[in-house]
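*Asks:* One structure is given below, represented as C-alpha cells, and several questions about it will come after.
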Amino acid sequence: MTKQQIKEYCEAEFENIDIVISELSSMVQTKKSEYSIPELAAISTFIHNFYNGIENILKRVLLYRQIETKNTPTWHKNLLKTSLAMGIIDNDLFDNLSNYLSFRHFFVHAYSFTLRWEDMEPFVDDLDSILSKFKFAIYNFIDNTN
C-alpha cells in the first residue's frame, strides 16, 4: 500500500465519520433533558459508528506500517496501545479514545432501555474535538512515515 492509497482510505473513512456526526448532530440539535428509548438507541449507535470508524483507520494505518492486529479478546484495547506505542496517537488522544472504547463495550453488551442521556452526552459533545485531533494525528503520522 502506498502513502497515497492510505491517505485515500483515511479520507473515505473520515467522510463516513463526518456523515455519522452530521446525522447525530441533527438528532441532538436542540438538546433535551430526556430522550426516548429509540432516540437513545440511535444516539448510542452513532457514537458506536464513530468509534468503529476510528478503529478502522487505526487498523489500516498499522497495516500500512506492516503491523497486524491479532484477533484476540483484547484486540480493541491492544489496537489503541499499539497506536500509542507507534506514535500514531498521543497520551491525551489515547485516554479520550479509551473512553469511547469503554462506551463501545457497554453499547455492545447493554440493552437499549438501560441507556441514559447523561452518560452519552459527554461523548456527543466531544465528537468534533476528538475527530479534529485524530485527523491531525493520522495525517501527521502518515506524512512523517516513509
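The values are calculated or read from the model by the stated rules, or taken from the named source; none is laboratory data. None of the values given here were measured: they were computed from a predicted structure. Heads up, the Cβs are rebuilt from the backbone with ideal geometry, glycines too, and the neighbour counts pull from every protein chain shown. Each accessible area value is taken on the protein alone, full model and side chains, heavy atoms only, with ligands, DNA and RNA left out. Shrake-Rupley method; radii C 1.70, N 1.55, O 1.52, S 1.80 Å.
*Asks:* Only one residue in F141, F123, F134, F94 is in a helix (DSSP H, G or I), touching a Phe, Trp or Tyr at 6+ places or on another chain (Cβ under 7 Å) and either closer than 19 Å to S33 by Cβ or open to solvent by less than 40 Å² (accessible area, probe 1.4 Å) (or both), so which one is that?
*Replies:* F123
*Asks:* State whether one or more residues within segment 5-21 are farther than 20 Å from F136 by Cα and either touching an Asp or Glu at 6+ places or on another chain (Cβ under 9 Å) or of a type outside the set (K, R) (or both).
*Replies:* no
*Asks:* Also, quick follow-up: Going residue by residue through segment 68-77, is there one that turns out to be under 17 Å from I130 (Cβ atoms), of a type in the set (D, E, K, R) and assigned to a loop (DSSP other than H, G, I, E, B)?
*Replies:* No - not one qualifying residue is present in segment 68-77.
*Asks:* When you scan segment 1-41, how many residues do you find that are open to solvent by 70 Å² or more (accessible area, probe 1.4 Å), of a type in the set (A, V, I, L, M, F, W, C) and at pLDDT 95 or above?
*Replies:* 1
*Asks:* Shifting gears a bit: Every residue in segment 48-81 that is out of contact with any helix residue (DSSP H, G or I) (no Cβ under 6 Å at 6 or more places or on another chain), over 26 Å from L24 (Cβ atoms) and in contact (Cβ under 8 Å) with a residue 24 or more places away in the chain, please.
*Replies:* L62, L63, R65 - these are the residues of segment 48-81 that are out of contact with any helix residue (DSSP H, G or I) (no Cβ under 6 Å at 6 or more places or on another chain), over 26 Å from L24 (Cβ atoms) and in contact (Cβ under 8 Å) with a residue 24 or more places away in the chain.
*Asks:* If I go through segment 79-89 residue by residue, how many of them are of a type outside the set (G, A, S), more than 14 Å from R104 (Cβ to Cβ), open to solvent by less than 70 Å² (accessible area, probe 1.4 Å) and assigned to a helix (DSSP H, G or I)?
*Replies:* 2
*Asks:* Could you please find all residues in segment 23-77 being under 21 Å from Y139 (Cβ atoms) and among the hydroxyl-bearing types (S, T, Y)?
*Replies:* The answer is Y51, Y64, T69.
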